[in-house]
Amino acid sequence: MIPERAAELYQKVLAAGSLRLADDPELEESAALRELTERGFVRKRYVGEPVVVPIDPARAVENALLTAQRQILEQHKMIVRVRDQMAMLQRLYVAGGAESAEALPSIQVLSDPAEIGALSVELCLSAQRDVSNLETPHFRRPPDPRSVKLPPADVLARGVQFRNIHARAVLDLPGAGEMVQRCREGGWQQRVVPDLPVKMVLVDERAALLPLDATGMEGAALVRAPVIVAMLRSYFEMLWARSVPLDRSGPGRLSEAADQVLRLMLTGMTDAAIARHLSTSERTVRRHVAAVLETLGVDNRITAAVVAVREGWID
């Protein structure tokens, strides 16, 4: 259920009863300890002297089984969604694939960065239902929060929803906290996944803009082929269903700061990464983590994730 090194560390913690983090400074950020903490086999206690204490084996295995059950349920939901999306894809292919291909080129390669930027804006302005975006940490230069592209007010007024999925590494970039805040205030719905293979802009069921390099500035492909766009739509919706929301939507039992920490914690970010993203100290993050666990009535992050979703604190 856990890697060999993590199992060895768990046996060591069980035998000792607790391990002082001060005795081994590298232990706190080690992969083995992170694995045990995330799977609910140990927990860090910061009351008094910081230590790692074990969860009893019966409860630890129960936590791991609960996590596995949740993963199986999510996979089942994903399969159902894929089937629905494939049915839609087939209808699009039969109804309009050939006609659309005659009217416009199915795939158009662009190389001028200015043209790519202008086209991205044009696509957003023409949206009727949904603008979906995938954002990776590959920027030509560090992102400037002031340059965030906000949804036009008239497009939002038409009821168009703007959704953005960030790769987790984006949140660790300088200025990411301010960038996320500006996007939230501007009307973007935002979620996070551990990793993304590529950037993408997807508009309704009509078009997708895909980069030809990591940054998207060396070239891009404008895709209008209905079958390919439908496939990309299915991919985005699967990612959206499995991602962690960054926007506060729970019952308000946590402070705003603790709620932010909970959402970032569920993406798999370490305390240090959360502290960098929120421009605060690790001690403050740990205090919020402790408050989250206490409010949820749990003693580890894995169980916190399950309970937060079950109780509707996270969509």
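Here the stretch 9-84 has 55 percent of its accessible surface on carbon and sulfur atoms, given a 1.4 Å probe and all protein chains in place. Computed from phi, the 3J(HN,Hα) profile of the stretch 296-305 under the Karplus parametrisation 6.51, -1.76, 1.60 (θ = phi - 60°) reads 7, x, 10, 10, 7, 6, 4, 5, 4, 4 Hz, with x in place of Gly and Pro. The distance separating the Cα centre of the stretch 162-219 from that of the stretch 24-40 comes to 30 Å. Per-residue Karplus couplings for the stretch 146-152, computed as 6.51 cos²θ - 1.76 cosθ + 1.60 with θ equal to phi - 60°, are listed in order as 6, 9, 4, 7, 8, x, x Hz, Gly and Pro entered as x. Of all lysines in the structure, the ones whose alpha carbon falls short of 20 Å from that of K199, not counting any fewer than 8 places away in one chain, are K149.
Return a whole-number percent for the relative contact order of the chain, with Cα pairs under 8 Å and 6 or more residues apart as the contact set.
Reported relative contact order: 18 percent.
If you bin every alpha carbon distance in the stretch 166-315 into 10 Å steps from zero, what whole percent lands in each bin? Final binned percentages: 10, 35, 32, 16, 6, 0. Test of understanding: what is the full-extension gain from K149 to L125, defined as 0.36 nm times their sequence separation minus their Cα-Cα distance? This chain segment gains 7.4 nm when fully extended. Averaging the sequence gap over all C-alpha pairs within less than 8 Å and six or more residues apart, then dividing by the number of residues, gives the stretch 17-86 a relative contact order of 27 percent. Calculated mean residue ellipticity, 222 nm, the chain: -16500 deg cm²/dmol, from DSSP H runs (n ≥ 4) at -39500 (n - 2.57) each, averaged per residue and rounded to 500.
By the rule of a C-alpha distance below 18 Å, with chain neighbours fewer than 8 residues away ignored, the aspartates and glutamates paired with K44 are E8, D23, D24, E26, E28, E29, E35, D56, D271, E282, E294, D299.
Short-range pairs are left out: with C-alpha atoms under 8 Å and at least six residues apart, the relative contact order of the stretch 218-288 is 20 percent. Listed peptides 259-271, 9-21, 226-238, 34-46 appear in the order 259-271, 34-46, 226-238, 9-21 once ranked by packing, highest mean of other Cβ atoms within 10 Å at the front. When you work out D = kT/(6 pi eta Rh) for the chain at 20 °C and 1.002 mPa s, using the Kirkwood radius from C-alpha pairs as Rh and the Stokes-Einstein form, the result is 99 µm²/s. Using the Cβ-Cβ distance between R283 and D213 with R0 = 35 Å, the FRET efficiency computed as 1/(1 + (r/R0)^6) comes to roughly 0.30.
Once the Cα atoms are used to define both axes, helix 113-125 deviates from the longest principal axis of the chain by about 90 degrees.
Counting only protein heavy atoms and a 1.4 Å probe, the chain has 52 square angstrom of accessible area per residue. Here the stretch 214-235 is scanned for amide nitrogen atoms under 12 Å from the site 7 Å beyond the Cα of E115 along Cα-to-Cβ, giving 219-222.
Full extension of the chain between A291 and S30 yields a length gain of 91.6 nm, computed as 0.36 nm times the residue separation minus the alpha carbon distance. If the chain linking F139 and R184 were pulled fully straight, counting 0.36 nm for each residue of separation and taking away their Cα-Cα distance, it would gain 14.2 nm.
Highest mean packing first, where packing is the average number of other Cβ atoms within 10 Å per residue, the peptides 117-123, 288-294 line up as 288-294, 117-123.
The values are calculated or read from the model by the stated rules, or taken from the named source; none is laboratory data. The model shown is predicted, which means the values in this text are computed figures rather than measured ones. Every residue, glycine as well, gets a Cβ built from its backbone with ideal geometry; the counts of neighbours run over all protein chains shown. Please note that ligands, DNA and RNA were not included when accessible areas were found on the heavy atoms of the full protein model with its side chains. Shrake-Rupley method; radii C 1.70, N 1.55, O 1.52, S 1.80 Å.
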